[in-house]
Amino acid sequence: MYTRSFHFHTLCQLRASALISLMLRFVALLVLIAGMAIASPPAYAAGTLASGTSKASLSGSQTGIGAQIFADINAGLPAVSASSVAWGDYDNDGRLDILLTGYSSSLGNIARVYHNDGGGSFTAINAGLPGVYQGSVAWGDYDNDGKLDILLSGYSSAYGNIARVYHNDGGGSFSDVNAGLPGVNNSSVAWGDYDNDGRLDILLAGSSSTGNIARVYRNNGNGSFSDISAGLITTTAMAASRILMPACQECTGVR
């Protein structure tokens, strides 16, 4: 009886020791995982701006515990609202340049390309684009000539609602190819080769003179684009998930 009780007591001790050992290993694993999470902070999308921001600025990345920190490099860009921005190396010098549109209280509606001079310095190149606000911009090489072209939409004080493709002629010069797109504001645009034919097509959404639209335009390969009647749901004033900025008399030119 004593022997049987001794063996049972010993077995319980062994099982308790094994359980404690397993729990200690589990706690050590949790500590290791927590340490890895602190050492590898989550990546945030550089270039994301808070709604309502009316300052155009660039930020340099710095590392920090638990988050990435960005510091304004004082690039000298004009403050804008109802804006759109895009990175693209238009002159193939290995440095990303800036395409910026929006309303400036001192300049009115603008659409500018800023050349990256290196060292955090950017210079407007006088690309000849019409100023727009409540628009959208995108870089893309639609004719596969190795130079990034511009897709631009928005409201222009001179032309009303526009949506245009500007060919990169080289040397900082861009020319309207008369792509035949409907003018839109409160808009969003994007390049993408939906049919894998090697040519970039256009996704266009916004408010046009005939109402809200959302369309795909096929690149015909000769500088023209054709609506493929994709059957997309037409957008509201909040076109393609872009937050509509409040209209103002200065932006529209109406007083």
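For this structure, a couple of remarks:
- Modelled this way, with points 7 Å down the Cα-to-C-beta line, the labels at Ser226 and Asp141 are 2.6 nm from one another.
- Two-site label geometry, Asn196 and Asp89: point separation in nm, points 7 Å out along Cα→Cβ: 2.8 nm
- Translational diffusion coefficient of the range 169-221 (Stokes-Einstein, Kirkwood radius from Cα pairs, 37 °C, 0.692 mPa s): 262 µm²/s.
- When the inverse distances between all different Cα atoms of the range 106-227 are averaged and flipped, the Kirkwood radius reads 14.9 angstrom.
- Per principal axis, descending, Cα span of the range 88-141 in whole Å: 31, 25, 16
- For the range 134-198, the relative contact order is 33 percent, taking Cα pairs closer than 8 Å that sit 6 or more residues apart in sequence and dividing their mean separation by the residue count.
- Annotation for Asp117 and Ala79: the two label points, set 7 Å from Cα along the Cα-Cβ direction, are 2.3 nm apart.
None of the figures in this text is laboratory data; all of them are computed from the coordinates on show. Predicted model only: the values in this text are computed from it and were never measured. Please note: Cβ atoms are built from the backbone with ideal geometry, for glycine as well, and neighbour counts cover all protein chains shown.
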